[in-house]
Amino acid sequence: MTRMTARRLFARRWRDRFREKLGVLKFTFDWIILLYLGIPGLLLGGRAYYGLWREGLPAWLAHLPYPFIPILLLLLLYSSGGISFYIEAADVLFLRQRPRWITELMLRGLAASSAVQAIMLATVIAVLSPLLVRVYGMGWADIAGLYAVAYAAKIVQMLIQQLLGVLTTGWRHLLLRSLAYSALAAGFGAWAAWAAAAGTGRPAGLAAGVALPVLALLAGALGWLRFRLRGRFDAEVREEERQRTMLTALLLASAVERPKAPRPGGSKPWLFRRLRRLTRSRKPEARIAEALVKAFFRGSEWKLYAQMTLAGLAAVVLPPYPAVNLIVYAAMLLLLMYWLGGHRRAFFDRELMSILPLEESLAYRSAAPAMTLLLLPAVVVLTAALGAKLFPPLWGLPTGAVCGVLTARWLGGLSRGFGQTFGRRPRSG
């Protein structure tokens, strides 16, 4: 049996945390949807990044004032997470008897958290590098100085957050954190202004050489205070759990709805409040399709539908090349068909549908009208935007809208193939 050490304990907890975060990401995002959106996004982002280095910059970007850079970096520093010491509540039973182990865990946690922040900040600086070089005339040494000072400020911010999280709660915590963050922001802003003045619009080596020792001393003092704290194990565990669940709370805030108090008289849907027909046909498959569409837009799914339509609109319009516009448009149509097809199948999996006396082929026969009605708003918007992008907007926009209606009907007919096997599934009971 392998003897447990502080290093092995940290490695095991780090792996557990990593798997936990990966599980949250898998639960929140559909990997197929990310594939559809991620590949075009990476291609467009890479092409745009190449253009920032090699092509002419837009006028608004070329005249962007330098204070935008420190403000953006400050926002990143305050929102990119804190220190995780990998301490758990169960440690009170045995690690309290091994103070050296707790110290080693905290040191390794500080090193791991600092490494993660270093990678994140390096990525942001790399993205901003074309702007820093071409607009503000900074050299690579100046960019390295900016990165070093911003990284040192991030270490100070994480230690301040950790100390205040352990020592204070409630309004005192909010007040002291606001004062400390304001002082840090004022110092960082003053350094950025001095560096820009000393370097004729760019950070100078002298400014970075002065700021780094000051921040290093401040980080050392805060770290010494944090590691000297004793008798606050419960507060340490509480702060650790807050850092541990930060990603979960951020990702699931938009994925899980909070329970709402019932309104007197019941809640009314935003769409389809009245019993109006959506199709002229009164066949069973048409009525089922209407019920499916109304159930979809009366629920909360319409918010995600609107968000996906707006995101797809931007993705179709923004690329400057027609071939890329067409590829993104086709990818968005496939994504919508896959997503809405899943909701259509989930509609027939409901318990109420299983007890209704419906024909076995009704799910297959209702696929075309249901998918046509579900796809119609988004496809019309995306096709009209594509027409206005590729052709003169005066006639490209209405022509695209008409083609969007025809495309929605065509895609609705194609969905029968996806629903054929589902429609032939034998019913239980």
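The values are calculated or read from the model by the stated rules, or taken from the named source; none is laboratory data. Predicted model only: the values in this text are computed from it and were never measured. Neighbour counts are summed over all protein chains in view; Cβ atoms, including those assigned to glycine, are modelled from backbone coordinates with ideal geometry. These accessible areas exclude ligands, DNA and RNA; they are computed on the full protein's heavy atoms, side chains included. Shrake-Rupley method; radii C 1.70, N 1.55, O 1.52, S 1.80 Å.
Each Lys or Arg adds one and each Asp or Glu subtracts one; over the other residues with Cβ under 11 Å from the Cβ of Glu88, this totals -2. With all protein chains in place and a 1.4 Å probe, the accessible surface of segment 82-143 carries 66 percent carbon and sulfur.
Per residue, the accessible area of segment 68-120 comes to 50 Å², computed with a 1.4 Å probe over protein heavy atoms only. Phi angles across segment 401-412 convert, under the Karplus curve 6.51 cos²θ - 1.76 cosθ + 1.60 with θ = phi - 60°, into 3J(HN,Hα) values of 5, 5, 5, x, 5, 5, 5, 5, 5, 5, 5, x Hz, Gly and Pro given as x.
Over 29 Å apart at the Cα level, from the set Lys21/Lys389; Lys26/Lys389; Lys21/Lys154; Lys303/Lys389, are Lys21/Lys389; Lys26/Lys389. The residues packed around Ala111, meaning those with a beta-carbon under 13 Å from its beta-carbon, carry a net charge of +1 if Lys and Arg are +1 and Asp and Glu are -1. Per-residue surface analysis assigns Lys303 an accessible area of about 100 Å², computed on protein heavy atoms at 1.4 Å probe radius. Sorting 111-123, 401-413 by average packing, meaning the other beta carbons within 10 Å per residue, from highest down gives 401-413, 111-123. Highest mean first, the peptides 219-232, 97-110, 47-60 sorted by other C-beta atoms within 10 Å per residue fall in the order 97-110, 219-232, 47-60.
Of the peptides 126-139, 153-166, the order by per-residue mean of other Cβ atoms within 10 Å, starting with the highest, comes out as 153-166, 126-139.
By the scheme Lys and Arg +1, Asp and Glu -1, what is the net charge of all other residues having a beta-carbon under 13 Å from that of Thr383? Walk me through the numbers before you get to the answer.
Numbers: positive: Lys389, Arg409; negative: none.
Summing Lys/Arg as +1 and Asp/Glu as -1 gives +2.
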